[in-house]
There are 2 protein chains.
Amino acid sequence: MTRMSRLSVLLYLACALSLPAVVAAQDADNTRESPRNVILIIGDGMDDHQITIARNYLKGAAGTLQLDAMPMRGAVQVLTIEDKVGGKPLYVADSANTASSIATGVVTSRGRISTTAGSDEPVPTIVELASAAGYRTGLVSTASVTDATPAAFASQINFRLCENPAVMHEVSYSDIPLGNCIDHLKANGGGGSIAEQLVESPLHVILGGGQKHFAPQAEGKSRSVLALAQDNGFATATSADQLQQADFNKKLLGLFAPSTLPVRMRGQNGREAESPEVSLLHQVHDYLGEVTLPEVMRCEPNPEFGNTPTLKAMTDTAIAHLSANNSRGFFLMVESASIDKASHQRRPCGSIGEVQQLEEALQSALDFSREQPNTLVIVTADHTQAAQLVPQESLYADFPIPIYTPGKIARIQTPEGSVMAVNYATNNFAMEEHTGANVPLFANEVGRDIIPPFIQQPQLFGIMTRHLGL
Amino acid sequence: MTRMSRLSVLLYLACALSLPAVVAAQDADNTRESPRNVILIIGDGMDDHQITIARNYLKGAAGTLQLDAMPMRGAVQVLTIEDKVGGKPLYVADSANTASSIATGVVTSRGRISTTAGSDEPVPTIVELASAAGYRTGLVSTASVTDATPAAFASQINFRLCENPAVMHEVSYSDIPLGNCIDHLKANGGGGSIAEQLVESPLHVILGGGQKHFAPQAEGKSRSVLALAQDNGFATATSADQLQQADFNKKLLGLFAPSTLPVRMRGQNGREAESPEVSLLHQVHDYLGEVTLPEVMRCEPNPEFGNTPTLKAMTDTAIAHLSANNSRGFFLMVESASIDKASHQRRPCGSIGEVQQLEEALQSALDFSREQPNTLVIVTADHTQAAQLVPQESLYADFPIPIYTPGKIARIQTPEGSVMAVNYATNNFAMEEHTGANVPLFANEVGRDIIPPFIQQPQLFGIMTRHLGL
């Protein structure tokens, strides 16, 4: 290489990394030897409303979240299709098809776990590919580890609710049949339920909720799925203490609640968003009578959270296990699941606490990325959600008539002394709907240099696999 | 300057501009002579739902808008306070206080036009500062040019609805008094109504709607505000033809409708979002009976649009007037106002057409920025809005009960053959509320190198004034 072309390369590197040329040259030497890692953090349903609601509460209207300080911020176009070959677009996703997009690069239909729409073919996931290439892999979630988001990274099945072997023939809720996974039974050549696939996967660390999905007897075996995990070399943990003390030399399956982990925060005395109450006179005419809005409430610690491991504690343990004596590197997916689940339940304080949990886990990821600079840290959401930050006082308050949401509303006293109103009004059902806007994307310096400001959700797969050289 | 320090400067420039050093050196010579321009495009209420709804309709679910192709994308934290000195944060803004933030760098209260919360002091705007420094300035809007967004760039007053001299003593709607601007009468040492301030401002080009605000007699004069504009050297235009033929050597005031310009698109036969209709049995119990959703509809051209100049036509004329024989440069604000206004009225097709108008105006701005490379092009929204993209088929459709929005919904047939559902449910009033999430930000290459991925809304003022060296 001539002197001139070396200078050009240095210039290129300096610019690409936004570093002075000399520093870039030093880094080039370091990074050749350092492990390549991907830490993907998914805030389930974490759209800009959820982020702003959490920021207002946790940091104040003019405050800054850890997310806001990320050097790269962009947007992701969410893609969903009907469940048939050549299906048309659907404009609102669920966590199954979106996680499948991220984990496999393939667009599919709602409810599917890394299988193709209509044709029901399994698609290789980043966990499989990374493991085959010698990387360690791990999944962390505040949901059941068998829930759609983690499931899509290490299993393939036609229906997200087939989480354990007991429900493969029929998933139902209140006697209403919702679907089945008969074609994916092992007896029929499939991989079995999500729990079975996880414990037979190459995953090194699995941490989250979902004990109940590991208790049933594995298909064709006389042992539970949990016992199968132990047979396959997993140490198991069910408490924060056991999580701390886990043996670095074994694979680790930590399950800390029967199903979803309890959320960290809740509304005062457990309150949710509530319907405004209108007077009798108002029922006679829209312009008459009065409306009584739900009382202003504080957020408070959720007493059910107790000694549940935090998302940060699980992330720290996962990173420690995945990186210990590992010169190759790892892929880790971390999900803060109940930003979404609390929003379905119209519990804004619940969502706020889970954004806070994500922020802490992100801090752990960023701290680690300073130790191992070839670590790509990405934060994104899978889809947008129902909560809307609306005016505490209507824009039309000068009009002397009752103005209020037709849905449910929570009015939250923020630590900085204002009142924040959060509205839920996508439907009349027990659970709110998802919504369909593009979602936010954040990355550390490593990501800034390789991720365009606007991407389609399946492109995340390619961005991550390229970083790992897969 | 030594050879070495020259190399350092080149390196710095190369990195700052993300260009090879040699190209940067060439550009340094060019840009010293080329005019410095700012084109700020505001999509009023253009949040990620509005963008995604428009993308789905105009380009398809997997399509790409001009916005999506911008090299820089970030987010803006919207700040609003109560109307008193030291007021607490409010979490939802209006277009008056947000435009004031962008135009002046100061956080203020809802309804205010570039005046301080509580203390009612006027704050210098970027139009004043740029004009004083020898730049030409212009405002283009599909609203009345006296509406909050354009107004905040070239006037200072306590209440956004004081758009003309006839309403300074009392603004009312259906006999309900909404406010006044007595302290800002010229007789009281103020600048008068917004229309009067505009025609007495240093603005070179003013294009949009709002003829009715220029017809009243100017305060203390026997002539209309429009006549005052002509006295002050403005040529006037009221049709697309006159816009095309306007004299480049005069200032230009173009007013193309009595108030807001008609929108380009509307729902089939003028339809808006509508309430689902429930059967009598459903009124007995939530789980019983049936719901009938509004029929699916197409979007269609709005017959009222007629020969209204497009936002692109106005933007092209403004750029031509501002840049002709101008070696110094210009500041131009372009607003697509009715993304917001149509959303207040629950008219998703209206909003879609106005995002399309913004896209076309953006294309003009980008084309011009290639001719004059020192042109900073920024696109942003002022606040988020009520429309939500919701599932056409509920996530819970397997449950045999009627599920529907408690608000109003439009089901739109998209050109790619799917149905997109848009929900409006912030209130029960004739007009929807704004919402409070952070808003998107886009910039061209010039902006990418100087705008962090997350900023507070008032920082936009500093970013633009620094580019102009103010």
Considering region A:49-58 alone, what residues qualify as being within 7 Å of chain B (Cβ to nearest Cβ) and open to solvent by 10 Å² or more (accessible area, probe 1.4 Å)?
A:H49
Subset of region A:326-340 [open to solvent by 20 Å² or more (accessible area, probe 1.4 Å) and either within 19 Å of A:Y424 (Cα to Cα) or among the basic types (K, R) (or both)]:
A:R328
Given the conditions (1) touching a strand residue (DSSP E or B) at 6+ places or on another chain (Cβ under 9 Å); (2) surrounded by fewer than 24 Cβ atoms within 10 Å (Cβ to Cβ); (3) not acidic (D, E), which single one is not true for A:G189?
(1)
Can you report the number of residues in region A:364-382 which are touching a strand residue (DSSP E or B) at 6+ places or on another chain (Cβ under 9 Å) and outside any helix (DSSP H, G or I)?
10
Considering only region B:219-325, give the helices (runs of 4 or more DSSP H) lying wholly within it that have at least 3 residues that are exposed (fewer than 15 other Cβ atoms within 10 Å of the Cβ).
B:280-284
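Let's see how each residue does on (1) among the charged types (D, E, K, R); (2) over 20 Å from B:K408 (Cα atoms):
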site	(1), (2)
A:P391	no, no
A:I403	no, no
A:E416	yes, yes
A:V419	no, yes
A:N427	no, no
A:E445	yes, yes
A:Q457	no, yes
Scanning for something assigned to a strand (DSSP E or B), hydrophobic (A, V, I, L, M, F, W, C), under 19 Å from the mean Cα position of the chain (by Cα) and farther than 16 Å from A:A103 by Cα, does region A:182-205 turn up at least one residue?
yes
Residue under evaluation B:H169, criteria (1) within 13 Å of B:T146 (Cα to Cα); (2) open to solvent by 10 Å² or more (accessible area, probe 1.4 Å); (3) in a loop (DSSP other than H, G, I, E, B), criterion not met:
(1)
Would region A:443-456 turn up any residue that is part of a loop (DSSP other than H, G, I, E, B) and either among the aromatic types (F, W, Y) or facing another protein chain (nearest Cβ under 7 Å) (or both)?
yes
Within region B:364-375, can you find the residues that are of a type outside the set (A, V, I, L, M) and either closer than 13 Å to B:V38 by Cβ or buried (at least 20 other Cβ atoms within 10 Å of the Cβ) (or both)?
B:S364, B:F368, B:S369, B:Q372, B:N374, B:T375
If you take the residues of region B:410-434 that are β-branched (V, I, T) and over 16 Å from B:S351 (Cα atoms), which of them is least open to solvent (accessible area, probe 1.4 Å)?
B:T426
Residues of region A:341-363 satisfying the condition of being open to solvent by 10 Å² or more (accessible area, probe 1.4 Å) and assigned to a helix (DSSP H, G or I):
A:K341, A:H344, A:Q356, A:E359, A:E360, A:Q363
Unique match (being touching a Pro at 6+ places or on another chain (Cβ under 8 Å), in a loop (DSSP other than H, G, I, E, B) and either surrounded by 21 or more Cβ atoms within 10 Å (Cβ to Cβ) or touching a residue at least 40 places away in the same chain (Cβ under 8 Å) (or both)) among A:A75, A:A61, A:A93, A:A117:
A:A61
Where A:I378 falls short, out of the listed (1) touching a Leu at 6+ places or on another chain (Cβ under 7 Å); (2) open to solvent by 10 Å² or more (accessible area, probe 1.4 Å):
(2)
For region A:408-427, check the following and say yes or no: at least one residue is free of Cβ contacts under 8 Å to residues at least 24 places away in the same chain and touching a strand residue (DSSP E or B) at 6+ places or on another chain (Cβ under 9 Å).
yes
When every residue in region A:72-100 that is of a type in the set (D, E, K, R) and either within 11 Å of chain B (Cβ to nearest Cβ) or closer than 10 Å to A:G436 by Cα (or both) is compared, the one farthest from the chain's Cα centre (by Cα) is A:K88
Please work out which residue is farthest from B:A93 (Cα to Cα), limiting yourself to region B:383-434 and to residues that are touching a helix residue (DSSP H, G or I) at 6+ places or on another chain (Cβ under 8 Å), part of a strand (DSSP E or B) and more than 8 Å from chain A (Cβ to nearest Cβ).
B:I412
For region A:129-149, how many residues are part of a helix (DSSP H, G or I), open to solvent by less than 10 Å² (accessible area, probe 1.4 Å) and touching a residue at least 60 places away in the same chain (Cβ under 8 Å)?
2
Just checking, does region B:102-114 include any residue being of a type in the set (S, T, Y), in a strand (DSSP E or B) and at pLDDT 95 or above?
no
Any residue in region A:232-249 that is within 30 Å of A:T426 (Cα to Cα) and free of Cβ contacts under 8 Å to residues at least 60 places away in the same chain?
no
Mind telling me which of the residues B:N326, B:N307 ends up being farther than 20 Å from B:G45 by Cα and touching an Asp or Glu at 6+ places or on another chain (Cβ under 9 Å)?
B:N307
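The values are calculated or read from the model by the stated rules, or taken from the named source; none is laboratory data. Owing to the predicted nature of the structure, the values given are computational and were not obtained by experimental measurement. Cβ sites come from the backbone with ideal geometry, for glycine too, and all protein chains shown count toward neighbours. Accessible surface is based on the protein model in full, side chains and every heavy atom, while ligands, DNA and RNA are left aside. Shrake-Rupley method; radii C 1.70, N 1.55, O 1.52, S 1.80 Å.
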